[in-house]
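One structure follows; several queries about it will come next.
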Amino acid sequence: MWEMLLLGLGCTAAAVPLLYFVWMHTSQRRKRDADALIVLGYRCDGNRIHPLLQERLDIAMRLFRENRYRYMILSGGAVKSEITEADIMREYLLKQGMDDDCLLLETQSRNTVHNMVNCKALLQEHGLDSCVLISNSFHLRRMGYIMKSLQIPASLYASRNWNSIVKLQWKLTFQEIRAFRLTLPWLEQAIHMNSPQTMGSKKGAASREA
């Protein structure tokens, strides 16, 4: 009897991480026409685009060509790079044939809450009412929570490439538990700010959690 009980408990404990992983990567995605397509930055060590950031940019370019958007907003400060993530993304997109007139850059943010707050201010500044946010699959759950907390009416989208998820996002998926805890004080600060203030800091401050 005890052996069966222990076996059952062991199977349950093994199933919990798998269920969490599946839940994280099955959040709702929606691609649609909108005023803006927003691409969130990712750390660019040595000013090089990380494969996960390239994934975000490639899916953003595809959506920009398939749907109708007025602008693509590139959001990210200089966290692990000499130049801002937004500028690095812009350079990559221009090499892929993107029209520079369609790009708006947000260069102050250092984490996901900063991304959301600063992009909300940029949307208001340019009279843009709707947006689609682009990131990676592991990131969508936390993005959605932040978006709802800040009352940003947006859809979320990410490539759901299982090769990328297994090889590049496995560890990050479980690190999102810690990232969520780190998000809460930033989110509390953002909620109590006078809109449309922006958030962020100069290079050398605390690094991006995702």
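Filter segment 25-68 down to the residues that are open to solvent by 50 Å² or more (accessible area, probe 1.4 Å) and among the polar types (S, T, N, Q), then identify the one that is nearest to V79 (Cα to Cα).
The qualifying residue nearest to V79 (Cα to Cα) is N47.
What pairs can you find where one residue is in segment 172-188 and over 14 Å from H139 (Cβ atoms), the other is open to solvent by 60 Å² or more (accessible area, probe 1.4 Å), and their Cβ atoms are less than 9 Å apart, with a gap of 6+ or different chains?
If the second residue must be open to solvent by 60 Å² or more (accessible area, probe 1.4 Å), the pairs left are L187/Y145.
Among the numbered criteria (1) open to solvent by 10 Å² or more (accessible area, probe 1.4 Å); (2) under 22 Å from T183 (Cβ atoms); (3) assigned to a helix (DSSP H, G or I), which one does Y92 miss?
Single failed check for Y92: (2).
Can we say S81 is open to solvent by less than 60 Å² (accessible area, probe 1.4 Å), more than 19 Å from C131 (Cα to Cα) and not acidic (D, E)?
On the way: open to solvent by less than 60 Å² (accessible area, probe 1.4 Å): yes; more than 19 Å from C131 (Cα to Cα): yes; not acidic (D, E): yes.
For S81, the condition - open to solvent by less than 60 Å² (accessible area, probe 1.4 Å), more than 19 Å from C131 (Cα to Cα) and not acidic (D, E) - is met.
Just the residues that are touching a Phe, Trp or Tyr at 6+ places or on another chain (Cβ under 8 Å) and either under 14 Å from S27 (Cα atoms) or open to solvent by 30 Å² or more (accessible area, probe 1.4 Å) (or both), please, taken from segment 142-169.
Initial filter on segment 142-169 (touching a Phe, Trp or Tyr at 6+ places or on another chain (Cβ under 8 Å)): 142, 145, 165, 169.
The answer is R142, Y145, I165.
Based on what the data block shows, is R62 part of a helix (DSSP H, G or I), among the basic types (K, R) and in contact with a helix residue (DSSP H, G or I) (Cβ under 9 Å, 6 or more places away or on another chain)? Can you show your working first?
Numbers: part of a helix (DSSP H, G or I): yes; among the basic types (K, R): yes; in contact with a helix residue (DSSP H, G or I) (Cβ under 9 Å, 6 or more places away or on another chain): no.
When the stated conditions are applied, R62 does not pass them.
Related question: Please work out if L53 is in contact with a Cys (Cβ under 9 Å, 6 or more places away or on another chain), closer than 15 Å to L133 by Cα and either in contact (Cβ under 8 Å) with a residue 60 or more places away in the chain or part of a helix (DSSP H, G or I) (or both). Before the answer, list the steps.
Numbers: in contact with a Cys (Cβ under 9 Å, 6 or more places away or on another chain): yes; closer than 15 Å to L133 by Cα: yes; either in contact (Cβ under 8 Å) with a residue 60 or more places away in the chain or part of a helix (DSSP H, G or I) (or both): yes.
Taking the combined requirement at face value, the residue satisfies it.
Now a separate question. Is at least one residue of segment 126-140 among the charged types (D, E, K, R) and in contact with an Asp or Glu (Cβ under 6 Å, 6 or more places away or on another chain)? So that I can check it myself, show each step before the final result.
Quick first cut of segment 126-140, residues among the charged types (D, E, K, R) only: 129.
Now narrow it down to the ones that are in contact with an Asp or Glu (Cβ under 6 Å, 6 or more places away or on another chain): 129.
The answer is yes, given that some residue of segment 126-140 is among the charged types (D, E, K, R) and in contact with an Asp or Glu (Cβ under 6 Å, 6 or more places away or on another chain).
For (1) in contact with a Ser or Thr (Cβ under 8 Å, 6 or more places away or on another chain); (2) at pLDDT 90 or above; (3) not small (G, A, S), each residue gets a yes or a no:
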residue	(1), (2), (3)
A15	no, no, no
I38	yes, yes, yes
D45	yes, yes, yes
L53	no, yes, yes
L63	no, yes, yes
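Keeping to segment 69-78, report how many residues are open to solvent by 10 Å² or more (accessible area, probe 1.4 Å), under 17 Å from T112 (Cα atoms) and at pLDDT 95 or above. Can you show your working first?
At the first step, the residues of segment 69-78 found to be open to solvent by 10 Å² or more (accessible area, probe 1.4 Å) are 69-71, 78.
Okay, now just the ones that are also under 17 Å from T112 (Cα atoms), so 78.
Subset that is at pLDDT 95 or above: none.
Number satisfying all stated conditions: 0.
The values are calculated or read from the model by the stated rules, or taken from the named source; none is laboratory data. What you see is a predicted model, and the numbers here were worked out from it, not measured in a lab. Quick reminder, even Gly has a Cβ in these numbers, built from the backbone with ideal geometry, and neighbours come from all protein chains shown. Heads up: the accessible areas ignore ligands, DNA and RNA and are worked out on the full protein's heavy atoms, side chains in. Shrake-Rupley method; radii C 1.70, N 1.55, O 1.52, S 1.80 Å.
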